[in-house]
Structure formats: structure tokens, C-alpha cells
1. Being among the hydrophobic types (A, V, I, L, M, F, W, C), under 30 Å from residue 279 (Cα atoms) and surrounded by 15 or more Cβ atoms within 10 Å (Cβ to Cβ) narrows it down to one of 132, 202, so name that one.
2. Would you check if there is a residue in region 238-248 being modelled with pLDDT of 95 or more and closer than 20 Å to residue 176 by Cβ?
3. Consider region 78-102. How many of its residues are exposed (fewer than 14 other Cβ atoms within 10 Å of the Cβ) and in a loop (DSSP other than H, G, I, E, B)?
4. So, residue 178, is that one touching a strand residue (DSSP E or B) at 6+ places or on another chain (Cβ under 7 Å), among the charged types (D, E, K, R), surrounded by fewer than 16 Cβ atoms within 10 Å (Cβ to Cβ) and over 24 Å from residue 128 (Cα atoms) or not?
5. Of all residues in region 47-77, which are surrounded by 19 or more Cβ atoms within 10 Å (Cβ to Cβ) and in a strand (DSSP E or B)?
6. Of 115, 135, which residue is within 30 Å of residue 65 (Cα to Cα) and acidic (Asp, Glu)?
7. Please name all residue pairs, on different chains or six or more residues apart, with Cβ atoms under 8 Å, provided the first residue is in region 176-193 and is over 24 Å from residue 123 (Cα atoms) and the second residue is of a type in the set (S, T, N, Q).
8. Which condition from (1) at pLDDT 95 or above; (2) surrounded by fewer than 16 Cβ atoms within 10 Å (Cβ to Cβ) is the one that residue 20 breaks?
Amino acid sequence: MYKKLVLAALAILATVYGSFAQEYKNEFGFKSDNDAYLWYGQDRYYTNGLFIYFRRALNQEKLKGSLEKVTYEISAGQKMYNPYSGYRPDPNTHDRPFAGYLYGGLQTSLFYKKESLLKIGLNLGVVGPDALGEEAQDLLHRIVGFYQVQGWDYQIANEFAANVNVQFAKLLHRSSDKSVDFTLDTYANVGTTYNGTGVGVLFRAGDINQLFNSAHYNATISNKSKTEKLKKKEFYFYAKPQLNVVAYDATIQGSLFNDKSPVTFGTKPLVFSQQLGFNYSSPRFTIDYSLIFQSKEVKSNAKAHQYGSISMYYRFN
């Protein structure tokens with residue numbers, strides 16, 4: 001009898017431990033954007049972006065009202081922009097300015113029980129030579145054996161960068177078998193670097209979770225979760241067509257105030273983008289690969305642009 005009680009207790013503990021072992025409240029990872037991920041030799045416009053993130057979920061038992069989850073995020077990132085090629089020593093051949101953007105950021109994400117979310121972030125940094133775009137691209141090209149970079153002498157001038165970013169998304173519909181859904185996704189940027197807004201519709205198909213538990217919105221981390229996930233693991237295809245309204249872009253137009261950049265252009269007020277990708281997420285890991293296609297952004301002879309994005313995240317307690 002004693003042995004049976006001990007075995008039963010151990011079985012219960014193992015079940016409880018197994019359920020809690022699936023919950024991690026911290027996440028660390030990176031995202032890399034590069035047009036080389038298209039695998040056909042393109043190297044232009046938004047040519048590289050590298051970002052690192054740390055996220056943490058608050059105790060969900062202490063949340064009140066309609067809140068399901070709250071997370072905080074610390075990030076740092078760098079973006080690099082080129083004309084049609086990174087080898088453009090003659091500024092008369094530039095169809096987009098050389099530009100670097102370096103920043104650090106903070107963000108709060110609020111996830112609601114009825115599957116809507118609000119993200120508010122602040123990024124501080126610099127646009128211009130102090131963003132080290134030339135040095136980073138030169139190092140990258142030397143490591144992988146690409147051509148010599150020239151033309152950064154005509155890059156966008158130094159300017160302090162401060163931006164507030166807001167994102168709001170809301171579930172529109174999910175199929176009865178929980179395998180397909182559509183989500184309204186909007187954003188707005190206000191600051192000295194980017195000013196604009198956009199609206200899109202996210203389509204997901206496969207093994208998907210609620211928005212407040214999905215890797216797509218960096219919500220896989222939990223801290224004493226109150227709602228069970230639809231799936232222990234996510235694996236899905238997604239597509240997001242989006243219309244963007246561009247009011248200002250310092251990497252194209254230079255300083256919002258007293259610009260001293262040698263090469264600048266105007267921006268197209270409307271830019272259409274389409275993102276296609278796959279996401280796999282286990283309780284511990286996320287890997288995401290997507291392709292982004294964008295219509296023409298610059299008032300020059302610049303063409304439309306495409307690039308790839310790879311994200312990897314690891315969760316822990």
C-alpha cells in the first residue's frame with residue numbers, strides 16, 4: 001500500500017513538473033535581415049540588419065481585468081542601407097543614400113484575453129557615421145569574401161535618433177479546427193528617424209496558438225499562465241500583405257531639421273509590402289524564416305526591393 005501511494009505521488013509530481021517545465025519566462029535571441037538570404041546575389045537598398053533581444057514575462061497571476069500577459073523587452077540593433085550596390089564611389093550613380101542606423105530600445109507588450117495586443121516601444125540611437133554602418137559592412141564583406149565596399153563617404157550625416165513605436169493587432173477570425181486565422185495588424189512610428197503608419201492582415205495556417213501565446217508576436221514566454229496553449233509546438237506558414245504610409249525616413253531624406261548630407265532623395269508616400277514565411281516553435285526554441293517584398297520606396301530610379309529575414313530565440317528560467 002505504501003509503495004502504491006509513493007508511486008502515485010511521484011506520478012502526480014512528474015505530471016505537475018512536466019507541465020511547469022514547459023513554461024519559460026525569459027527569452028533571448030536575434031534576428032538577421034539580409035538580401036543575401038534570397039540566394040541570388042542581390043546586394044542593395046536595405047542590405048543588412050542585425051538585432052538582439054531579451055524578453056521577460058511578468059507574473060500573470062497578478063494581472064487584472066482583461067489582461068492575459070505582459071512582457072518587457074530590451075533590444076539593440078543596426079541597419080545598413082546602400083544604393084543599388086555597395087560599390088558606388090561616384091555619388092552621381094547613387095539611387096539611394098548610403099546610411100547606417102544604430103539604436104537601443106525598450107518595449108512593453110500587453111496581451112489581452114480576447115486576443116488583441118498593444119506594443120509600445122522607445123528606440124534611441126544615431127543615424128550617420130557614428131552608427132558604424134561602413135565598418136560593419138566592410139567587415140562582413142571581408143569575412144564572406146564579397147567585393148570591396150566604396151561610397152560611404154557620401155552617407156547620411158550624423159543625427160541623433162529617437163523614435164516611439166506603437167503596434168496594435170486584433171484577431172479577426174479563426175477557423176473551427178483552430179488551424180487557420182486572420183489578424184488585423186497595424187503600427188505607427190513617430191520620431192526623428194521614421195515617421196509613418198501602416199495596416200496589414202496576417203494570415204496563418206498550420207499548428208497555431210492564440211495571439212497571447214504565439215511566437216509570431218513574441219508571446220511564447222509565460223509566467224504562471226492562466227490559459228492553456230492550443231498547441232505545445234507551433235509550425236505554420238504565414239503571409240502578411242501591408243500598406244505603409246511614409247511621412248519621413250531619415251535614412252533617405254537626411255536630418256529632419258538641418259540636414260548636411262551630401263546625397264538625399266524624397267520618399268514615396270505609399271509603399272506596399274508582402275511578407276511570406278514559416279515559423280517553428282517548441283517550448284524552448286523558435287526559428288523563423290521569411291521573405292519580404294517591397295514596392296519602390298525612393299523618388300529616384302531605384303527599383304522595388306526584396307530581402308530575407310531569419311530569427312532564432314531560446315527560452316529559459
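The values are calculated or read from the model by the stated rules, or taken from the named source; none is laboratory data. Note that this is a predicted model, so its numbers are computed, not measured. Glycine gets a Cβ as well: all are built from the backbone with ideal geometry, and neighbour counts include every protein chain shown.
1. 202
2. Yes, the conditions are met somewhere in region 238-248.
3. 2
4. Criteria not met by residue 178.
5. 47, 48, 53, 55, 57, 68, 69, 71, 77, listed by residue number.
6. Residue meeting the stated conditions: 115.
7. Once the first residue is over 24 Å from residue 123 (Cα atoms) and sits in region 176-193, its partners that are of a type in the set (S, T, N, Q) give 181/175.
8. The failed condition is (1).
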